[in-house]
Amino acid sequence: MNRVKVTVKTSGGDDGGDDGRSVERTYDLDVTSDKFFETHAGSLFPDAIDANEEEMKQVTRKEEQIRAQTGGSDALMNGTKDLVAAVDTLPALVEKKKMLEVHTNIFHAAFEGVTKRHIPSYSMLEQKLIDGSHVDKAEVLQLLSSTEMGTLADKMRLLMIYFLSSGASGAEMSEFENAYQQCAAVSEQPDAYMLAWKFLRKHSAFQRRASVGANLQSESGTGPDGGVNMSKFKGLAQGFLAQAAASFKNFLPENKKLHVTRVTDAICEMKPNTEDESFLYLDPKIKANGDVPRQRSPFREVMVFMIGGGNYNEYQNLLAYAKGQQPPRSIWYGCTELLNPEAFLHQLGSIGT
């Protein structure tokens, strides 16, 4: 069960409110009863929206067909059998439409949230940094210093990604840190995430190991915009996304293998000169002083466990990888605890104290 609280705008006659009145609603999403959620819980944002719009169109067409069958003299001419069959399907159709409208409201709320926080601007810069592309320093400073663009967590995420992937000098990072602190100083949490930041800077060895941009491999190739999938998003320029298509042009990167997925793939396939060579191979059939066999069959069943914080992004990335294998792999994902981004920052701060 997943409880979601969103703010939606009511229309005339909805909850007795006036047009445009904002109300808070709570939805309980359950994969056992919500087929749409079961299918698209791990889908990318545009894919889920596209599926929602398509299913809503299908439901509307079926509803119109039933109304046509049950109304006027044509219904009597078609016979009671067809009439009863049409009426019997109506409750399930109404329930499905109601469920799809729930997801439409959630999409609206999510869209407004990322727009208000200027997430497309952050995502564009972060994706360029991860891909090893050039990033304008002025753009980074603008986001870090603006009190209107993004939350402090958004700014700290950008600051950390820049530090880990750009190889910036100490003086440049101090300038970015000062911009963040000036913005945080006028907020309700002037010291927010600073412990996490100091911990990361203290362990600057991370920077030398962060070969993120060079190692990331796109599942379907990258374009000149730093791996942004534009064709899919432009196709969604209908309905409530039409006005914001341009602002989201750099928001949707191609699906890429995360580090944990690349390691899993290398170990399962025994790829030479990869992460597989630095991992310990344990087999109860091999003696303590025995050699690891060079020729091993690829592993089809895998258990991945993160000692420490895990997240749904890794989980979904592993699932997508498993489904894309021929034949598909069975992968179970576990972790010490599931963390959202804010909780992860607080955890870094706790480690640093």
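The values are calculated or read from the model by the stated rules, or taken from the named source; none is laboratory data. As the structure is a prediction and not an experimental result, all values here were calculated from the model. Cβ sites come from the backbone with ideal geometry, for glycine too, and all protein chains shown count toward neighbours.
Miscellaneous remarks
- Entry remark, the stretch 336-353: residues being part of a helix (DSSP H, G or I) and among the aliphatic types (A, V, I, L, M) number 4 in total.
- Residues being under 21 Å from GLU342 (Cβ atoms) and surrounded by fewer than 20 Cβ atoms within 10 Å (Cβ to Cβ) are entirely absent from the stretch 92-101.
Each row is one residue, and each column tells you yes or no for (1) touching a His at 6+ places or on another chain (Cβ under 9 Å); (2) at pLDDT 90 or above; (3) not assigned by TED's automatic domain parsing to the domain that holds GLN347.
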{"site": "ILE130", "(1), (2), (3)": "no, no, yes"}
{"site": "SER146", "(1), (2), (3)": "yes, yes, yes"}
{"site": "MET149", "(1), (2), (3)": "yes, yes, yes"}
{"site": "ARG157", "(1), (2), (3)": "no, yes, yes"}
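- Single residue of the stretch 104-134 satisfying the filter (surrounded by 18 or more Cβ atoms within 10 Å (Cβ to Cβ) and among the charged types (D, E, K, R)) that is nearest to ILE161 (Cα to Cα): GLU126
- The residues of the stretch 135-151 that are surrounded by fewer than 13 Cβ atoms within 10 Å (Cβ to Cβ) and either touching a strand residue (DSSP E or B) at 6+ places or on another chain (Cβ under 7 Å) or among the charged types (D, E, K, R) (or both), listed by number, are ASP136, GLU148.
- Out of LYS81, LYS9, sole residue that is touching a Ser or Thr at 6+ places or on another chain (Cβ under 9 Å), outside the structural domain of GLY324 (by TED's automatic domain parsing) and either surrounded by fewer than 15 Cβ atoms within 10 Å (Cβ to Cβ) or at pLDDT below 85 (or both): LYS9
- Failed item, numbered, when GLU314 is tested on (1) part of a strand (DSSP E or B); (2) crowded, with 16+ Cβ neighbours inside 10 Å: (1)
- Test: TYR333 is part of a helix (DSSP H, G or I) and under 11 Å from VAL260 (Cα atoms): no
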